[in-house]
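Note sheet for the following structure.
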Amino acid sequence: MTFVRVIARAGRAACGLPFLFWAVAACAQLAPDPASGIAPKRIAAGQRFMVAAAHPLAVDAGYEVLKRGGTAMDAAVAVQLVLGLVEPQSAGLGGGAFIVHYSAADKRVRTYDGRETAPASARPDRFTGAFGRPMGFIDSVLSGKSVGVPGALAVLELAHRNHGRLEWAGLAAPAIELAEKGFAISPRLHALLEWDKWLARDPFAARYLYDASGRPKPVGTTLRNPEYAATLREVAADGAQAFYRGAISTDLVAAVRNHPVGGGDLTVEDLASYQPKDRAPVCGPFREYRVCGMGPPSSGGIAVLQILGLLERLPKTDFAREPLQAVHYFAEAARLAYADRDRYVADPDFVDVPIAGLLAPTYLAERARLIAADRSLVRAQPGRPPGAQRTAFADGVTLDLPSTTHFSIVDAEGNAVALTASIEFVFGNHRFVRGFLLNNELTDFSFVAEEGGRPVANRVESRKRPRSSMSPTLVFDADGRLVLIVGSPGGHAIIHYVARVIVAALDWGMPLQQAVDAPHFGSRNGPTDLEAGTPVEGLRRRLEALGHPVRIVELASGVHAIQRVGDAWVGAADPRRDGAARGE
């Protein structure tokens, strides 16, 4: 039995009680990977368009939009609204999203920030408990204090306004129809309901997802969610303002302020004032390619580019021939990237993030020289990139819990969307409102506001956006052609998953599905993680001989990617989840 399942069995009672912060990280790893035994996915190929997402019903919705001549952004709206219904544990109207969009006509990459924001009344000591210690699991993750102003719907509307072709109202139709007619509980959703011990306390969840005895409804049971359909009808008719003003926002605020675990301070004014952001992408080179991702408040774009940039300055490896050296160099590069991430990256509206310095060739070369071929750094220290005051900030302590979704889309005109969305923990805040779950994204802020008299960049502040690891990414070849669309869920391991798939596909020459299926490994500047039940487990002793502290762990990615192969598109879905890819 794996570590995750042992802890899941033995630790459920402990995680249901307040406890010291060090134990929260263990609970963040509890959710098992029900799909780990699923056979590899069928490769999808198409000449015109492609969609790869976390549930076949969402894929079908996006496919039909593309078939009707819709743009990639039109399809993205339909896909996300269906995912909010059929994959409620991961994302939805109650959470946030980042969008990386490519316009083929003007060859332009734009990124859209739909990250949640803290309420206006939020203060740096929000998650400080007794004796100045970080607050316990229940009192933070599962209370009203953890709920940020949702940004997913607002950012979808903004990006659709700029890049959509079909009418907004019609894009909600697939999700409305499924919510009313019903959809079947998947094995993954059922397994997560079996694992979770808090969701059934919510009255709506108890009726919707559990039987009269309190057990999760069986796999294949038809679920109907007319409340979600009614919410979508309002949004379809009146746009995002129906969500951020009026009865929906009033009900959402009431649920947060009257939360049974502990009320939050969200107000209707917080929702009415929410604004998505059109931000500049973060782009950089890798070999002959150009890689573009999401900038702050996501740390994903910077960290992925740092890992790739460091690897480019090390001896080139081939995982098939030199797995030990490939894993060693990747983990060391990740250690350095995560060290900088924890020190410097936060909401750019509050912190001057030295993006150019962190990606400067001279800085990456300097950092790469710290990596030795025959020994591990064990724990890397943050560097001093150009433009940064190293002593200005201290390192924070965050949860970055692993429940998110990602999908990739390319349309018949070559426009593309990489979209990653989240409600943070599995089932988010465990509170349903109007048929959707609320987020607990504010626990992505540092639980420690300062260290040694220095503030933490990612500390809680009024109307600030918490740092994220979500890494929706686009890759272009030397001629400027889009060649890869990729992203994944997985908490702060997302950065690993995305960087590793890019390296596997572009550096090691693996076919896309093989690159997605391949074992995960890396380091978040702690232990070197090796994916349980895969061949990389066999590298443990040899890595330990190099000084790596090794941990065997289930790494439940959900990579959904699309690659240009010749004149066709190839789509790949992660076998660790329920997803699929479909094209024409």
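Quick rundown of the values:
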{"item": "Partner lysines for Lys67 [C-alpha distance under 28 Å; skip if fewer than 8 residues away on the same chain]", "result": "Lys41, Lys107, Lys181"}
{"item": "Value of [θ]222 nm, deg cm²/dmol, for the chain, DSSP H segments ≥ 4, -39500 (n - 2.57) each, nearest 500", "result": "-10000 deg cm²/dmol"}
{"item": "Isotropic mean projected area of the C-alpha convex hull, the chain (nm²)", "result": "23.2 nm²"}
{"item": "Cα-based Rg and Dmax for the range 456-523, where Dmax is the largest Cα-Cα distance (Å)", "result": "15.0, 46"}
{"item": "Ordering of 346-352, 58-64 by burial proxy (mean other Cβ atoms within 10 Å per residue, highest first)", "result": "58-64, 346-352"}
{"item": "Viscosity 0.890 mPa s, 25 °C: Kirkwood-radius Stokes-Einstein D of the range 362-521 over Cα pairs, µm²/s", "result": "131 µm²/s"}
{"item": "Of the GluC sites (Glu not before Pro) in the range 98-206, those whose Cβ has at most 15 other Cβ within 10 Å and which sit in DSSP loop", "result": "Glu167"}
{"item": "More than 18 Å apart - percent of Cα-Cα pairs taken over the range 470-572", "result": "49 percent"}
{"item": "Relative contact order (%) - criterion: Cα under 8 Å, at least six apart; region: the chain", "result": "25 percent"}
{"item": "q = 0.17, 0.19 Å⁻¹: log10 I(q)/I(0) that the Debye formula gives for the range 146-296, counting C-alpha atoms only", "result": "-1.18, -1.25"}
{"item": "Binned Cα-Cα distance frequencies in the range 45-170 - 5 Å width, integer %", "result": "2, 10, 16, 18, 17, 11, 8, 7, 6, 3, 1, 0, 0"}
{"item": "Whole-Å distance, taken between Cα centres, linking the range 72-102 and the range 329-361", "result": "27 Å"}
{"item": "Fraction of antiparallel bridges per DSSP, the chain only, in percent to nearest 5", "result": "90 percent"}
{"item": "When the convex hull of its Cα atoms is projected in every direction, mean area for the range 299-358 (nm²)", "result": "4.2 nm²"}
{"item": "GluC sites (Glu not before Pro) restricted to DSSP loop in the range 286-342 with at most 10 other C-beta within 10 Å", "result": "Glu288"}
{"item": "Rg(Cα) / (2.2 N^0.38 Å) computed for the range 425-500, rounded to two decimals", "result": "1.50"}
{"item": "Over the range 236-367, relative contact order from alpha-carbon pairs under 8 Å, at least 6 apart, %", "result": "18 percent"}
{"item": "Share of carbon and sulfur in the accessible heavy-atom surface of the chain [1.4 Å probe, %]", "result": "52 percent"}
{"item": "Principal axis dimensions, the range 133-195 - Cα atoms, whole angstrom, descending", "result": "51, 31, 16"}
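The values are calculated or read from the model by the stated rules, or taken from the named source; none is laboratory data. What you see is a predicted model, and the numbers here were worked out from it, not measured in a lab. We place every Cβ from the backbone using ideal geometry, glycine too, and count neighbours over all the protein chains shown. Accessible surface areas use protein heavy atoms only, side chains included; no ligands, DNA or RNA. Shrake-Rupley method; radii C 1.70, N 1.55, O 1.52, S 1.80 Å.
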